[in-house]
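The values are calculated or read from the model by the stated rules, or taken from the named source; none is laboratory data. Note that this is a predicted model, so its numbers are computed, not measured. Reconstructed Cβ throughout: ideal geometry from the backbone, glycine too, with neighbour counts over all protein chains shown. The protein model used for the area step is the full one, side chains on, heavy atoms only, and it has no ligands, DNA or RNA in it. Shrake-Rupley method; radii C 1.70, N 1.55, O 1.52, S 1.80 Å.
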Amino acid sequence: MRNALGLMLASLVAAVVITGVWFWTSAPRADAAAPQTVAARKAEPLPAPAAARLALKDDVEITASLTKPAPAPVPAALPARSTCANPDALGVSRTVVIDATGGPGFGFLQYKQFDFLTEKEVVLTFDDGPWPTTPAVLKALADECTKALFFPVGKHTTYHPEILKQVAAAGHTIGSHTWSHAHLDSKKLTEAQVREEIEKGFSAVKMALGTAPAPFFRFPGLAHTQAALGYLASRNISMFSVDVDSNDFKSSGPDQVIQNVMTKLDKQGKGVILMHDLQKSTAQALPTLLRRLKASGYKVVQMKAKEQLETLPEYDAMLVKDQKVPAVASRPISSVVQTVSQ
């Protein structure tokens, strides 16, 4: 009996011990995190080496670039990219557009109303072409990536239309300098003849180019009359005089041309420069003269027209009849005349 009771107590104690061990090992403790909570928490990454952190940043930036970014603010004015091959070229500092309504005049020798040039600004102008010397003038201008204003003589455009086309192709502005270089203040000219000189000159430029010229005109010898001024104003043609005369037509050579221009320009400080592209001395002087302008701090202003001039049909027809040629050449010289052997 005693043995049986002892055996029962021993079994009970063993059961209690086993139950306690199971409870201790299996039941969750208050300070232990539940397994599902640990699995759900976002793991904190270990600090990455510097190179790895940089690579991670790069990856983020590349991924972000797949989406179109917001446009960056654009500056108010962006300088145009220069296509000039000469990094030290004289160039063009600014371009102005002229509204020729009413015939405004430029060049302080005669017309003082519109003083638009600032100190050290010049306008390059050439009269009397086109001529075989004109391509040399164009090359000098192109080498300095600068622009000029040309006033061709009507008859000369019929002699050398291809040269005038080169002037236009180079981006220069082309006006007119009468049909035959007649001085329009001559008492021998009637009012009708003065008009014919003006209008045929513009019609000749249009015939040579196949397109309308700028409404810019310069009187031969700067010889104007009130009647001629009034007529140009009625046609909305702007008149040009001069501030600095090169006097190249009576200079002893290129050095004299350069001295004439620079001496007068340094005295006046700015202005419209008058030269002649049919003068050999001018063509020879121009490369050095343009470099002198650059070295002295002068800047070139290009003048363009707001609207081109509409020539008058009767003078277009008159010119065609006089020249006995088509109003516009339909074929370039290269398609008519070809060299087959040399």
### Task
Just subtract the alpha-carbon distance of Ala223 and Gln308 from 0.36 nm times their residue separation and send over the number in nm, one decimal.
28.2 nm
### Query
What residues have an amide H closer than 5 Å to that of Thr311, excluding those fewer than 5 places away on the same chain, when H is modeled at 1.01 Å from N in the peptide plane?
none
### Query
Can you give the relative contact order of region 221-275 as a percent, counting alpha carbon pairs under 8 Å and 6+ residues apart?
39
### Task
Return a whole-number percent for the relative contact order of region 99-208, with Cα pairs under 8 Å and 6 or more residues apart as the contact set.
24
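Ser234 to Ala295: FRET efficiency via 1/(1 + (r/R0)^6), r the Cβ-Cβ distance, R0 51 Å, to the nearest 0.05?
Working: r = 44 Å, r/R0 = 0.86.
Computed FRET efficiency for Ser234 and Ala295: 0.70.
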### Message
Considering only protein heavy atoms and a probe of 1.4 Å, how much of the accessible area of region 144-240 is carbon and sulfur, as a whole percent?
### Response
52
### Task
Roll a 1.4 Å probe over the protein chains and send me the accessible area per residue for region 221-303 in Å².
40
### Query
Between Gly107 and residues 5 or more places away or on another chain, which pairs have amide H atoms under 5 Å apart, with H built 1.01 Å from N, and which residues are they?
Ser241
### Message
Considering only C-alpha atoms, what is the centroid distance from region 289-313 to region 211-255, in Å?
### Response
14
### Message
With an 8 Å Cα cut-off and a minimum separation of 6 or more residues, compute the relative contact order for region 129-194 in percent.
### Response
37
